[in-house]
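Below: the structure, in structure tokens.
The values are calculated or read from the model by the stated rules, or taken from the named source; none is laboratory data. Computed from a prediction, not measured in an experiment: that's the story for all the values here. Note: ideal-geometry Cβ built from the backbone for every residue, glycine included; neighbour counts use all protein chains shown.
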Amino acid sequence: MRRMAASGLPLRSTVEGISWPAFPDPAGEAMLAMIWQLERSERFTPARLRSLQMVQVRALLRHAAIHVPFYAELWGGMGAGRLGFDPGVDALTPKRFAALPLVTRAMLEGAGERAFSTTLPPSHGTVHAGLTAGTTGSPLHFRATGLTQFMWRAFTLRDHLWHRRDLSGKLAAIRRMQARRAQEPNWGLATAGLCNTGPAVGLNVDHEIVEQAAWLVEQDPHSLITHPANLYALAGWFIGHGMKLPNLRDIRTVSDRVTPEQRAACRVAFGLPLVDSYSTRELGYLALQCPGREHYHVQEEGVLVELLDEKDRPVPQGATGRVVVTSLHNFAMPFVRYDTGDYATAGPPCDCGRGLAVLARIDGRARNLMSMPDGSRRWPGCELIDLDGVPGVRGFQLVQVAIDRLELHVVAARPLGPADDAKLEAAVRASLGRGFDLTVLSVEHLLHTADGRFEPFVNRVGG
């Protein structure tokens with residue numbers, strides 16, 4: 001299969017009078033060298049990829065056992081300790097790796113600064129402080145390095161190359177931003193200084209959908225990036241008004257779980273497929289959507305991802321498991337077998353020729369599970385709730401407020417009456433069954449997290 005190589009990038013030359021072949025600056029040269037490696041490693045066999053990961057994880061373990069108090073205590077320091085092997089001497093095998101204890105968010109929150117490295121190799125660059133959204137409990141304070149941020153940009157560039165984006169066009173971003181509007185001459189840090197791109201414009205996602213739609217018509221972008229639920233609302237507006245964005249060539253989504261309905265609406269409204277990615281603030285990119293397909297490839301050069309069942313065993317293909325991640329390059333705050341609280345489904349090898357592991361879909365977060373009276377938890381299956389029988393419904397969200405009580409928050413284009421409420425309740429019960437009280441509430445806005453994420457099910461009870 002023909003691949004788009006790094007040579008296809010519209011490179012920017014930093015040598016006066018020389019435009020071709022381009023002479024990038026040192027940072028650009030480093031990025032091109034990384035892309036050259038990624039274009040080759042993505043074709044490695046799974047066995048070769050895992051072998052290389054074990055070498056890198058061993059170096060990470062050796063650093064963490066000496067320089068990170070949290071891991072020194074968890075593992076018993078260097079030497080065999082509680083690990084059962086010495087990462088400074090012994091090779092790391094998949095079996096030894098699988099015996100390492102899992103680390104939870106609560107453990108890292110409790111560790112505080114003991115989870116940070118006391119020293120860092122200077123070549124890893126500047127240490128940056130970060131904060132997760134804190135949608136459940138307190139936000140997690142984490143550390144990243146110039147090196148981990150470099151890898152984030154490299155995977156962004158890989159995503160551009162995989163999906164053959166025309167970087168010369170205008171990029172429009174509708175997402176959570178500090179400013180209400182933004183305008184930049186370049187698409188972002190992944191391309192700035194390396195590639196010549198078109199301009200980028202931004203709009204804060206808290207604008208009303210009608211305002212967003214008008215802004216998009218005015219901007220007439222070539223590429224769009226936003227949250228899946230927001231894209232779904234925009235698609236409904238454009239379908240309802242019979243309007244198009246004539247120059248739009250590419251649509252990306254970030255931050256939230258994507259549903260089949262959102263993918264379908266995107267095709268109907270804009271005639272384009274939705275291209276998604278899977279990332280977290282503290283870990284960076286975990287997976288990118290495969291070109292021409294709807295499943296995801298794990299970015300195995302940056303993370304080692306395990307999908308584990310309730311007994312911490314790897315799940316087979318087709319099964320859903322907890323997403324447990326080891327970040328390969330973050331020496332400032334190592335994440336080793338970190339239980340993210342997310343769930344994903346393991347997919348079979350891809351026919352695209354890439355050896356990177358496959359996630360068939362991203363299923364959601366642990367906090368999106370419904371708490372049941374018997375103490376169990378299950379997926380609410382919000383994507384199966386069909387509210388088409390009630391005209392004017394623009395969006396909905398289920399909120400569990402008690403172990404036996406749900407609220408259906410509905411945004412509608414018209415006032416809803418008792419008959420509408422009855423139909424909405426019937427639709428929810430057809431999907432979820434009975435055994436709980438249900439209240440229908442008309443609202444102006446659905447709940448979002450602090451960083452603009454939308455979740456179709458919100459559990460305020462816990463489990």
* **Number of the exception - SER13 against (1) at pLDDT 90 or above; (2) surrounded by 15 or more Cβ atoms within 10 Å (Cβ to Cβ)** => (1)
* Structure fact -> Residue pairs within 7 Å by beta carbon, gap of at least six or interchain, first lying in region 431-459 and within 26 Å of MET177 (Cβ to Cβ) and in a strand (DSSP E or B), second of a type in the set (Gly, Ala, Ser) and at pLDDT below 85, listed first then second, are PHE454/ALA229
* **Filter result for the condition that a residue is of a type in the set (Gly, Ala, Ser) and touching a His at 6+ places or on another chain (Cβ under 8 Å), over SER123, SER51, SER117, SER41** => SER117
* Asked: Assuming LEU108 fulfils every condition listed in (1) modelled with pLDDT under 95; (2) more than 20 Å from LEU147 (Cα to Cα) apart from one, which condition is it?
  -> (1)
* Structure fact -> Those residues of region 245-269 that are modelled with pLDDT of 95 or more, surrounded by fewer than 18 Cβ atoms within 10 Å (Cβ to Cβ) and not in a helix (DSSP H, G or I) come to a total of 3
* To do: Go through the residues of region 220-231 one by one and say whether even a single one is in contact (Cβ under 8 Å) with a residue 40 or more places away in the chain, small (Gly, Ala, Ser) and crowded, with 23+ Cβ neighbours inside 10 Å.
  => yes
* Taking region 405-422 on its own, how many of its residues are surrounded by 10 or more Cβ atoms within 10 Å (Cβ to Cβ) and touching a residue at least 24 places away in the same chain (Cβ under 8 Å)? -> 10
* To do: Tell me which residues, restricted to region 167-212, are surrounded by 16 or more Cβ atoms within 10 Å (Cβ to Cβ), basic (Lys, Arg) and in a loop (DSSP other than H, G, I, E, B).
  => LYS170, ARG176
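Where residues in region 261-275 are of a type outside the set (A, V, I, L, M, F, W, C) and out of contact with any strand residue (DSSP E or B) (no Cβ under 9 Å at 6 or more places or on another chain), which of them is nearest to TRP162 (Cα to Cα)? Write out each step before concluding.
To start, the set of residues in region 261-275 that are of a type outside the set (A, V, I, L, M, F, W, C) comprises 261-263, 267, 271, 273.
Next, only the ones that are out of contact with any strand residue (DSSP E or B) (no Cβ under 9 Å at 6 or more places or on another chain) stay: 261, 271.
Working: GLU261: 24, GLY271: 20 Å.
Only one residue fits best here, namely GLY271.
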* Only one of (1) assigned to a helix (DSSP H, G or I); (2) surrounded by fewer than 18 Cβ atoms within 10 Å (Cβ to Cβ); (3) modelled with pLDDT of 95 or more; (4) not acidic (Asp, Glu) fails for LEU272. Which number is that? -> (1)
* Structure fact -> When (1) assigned to a loop (DSSP other than H, G, I, E, B); (2) modelled with pLDDT under 95; (3) out of contact with any helix residue (DSSP H, G or I) (no Cβ under 7 Å at 6 or more places or on another chain) are applied to ARG43, the one that fails is (2)
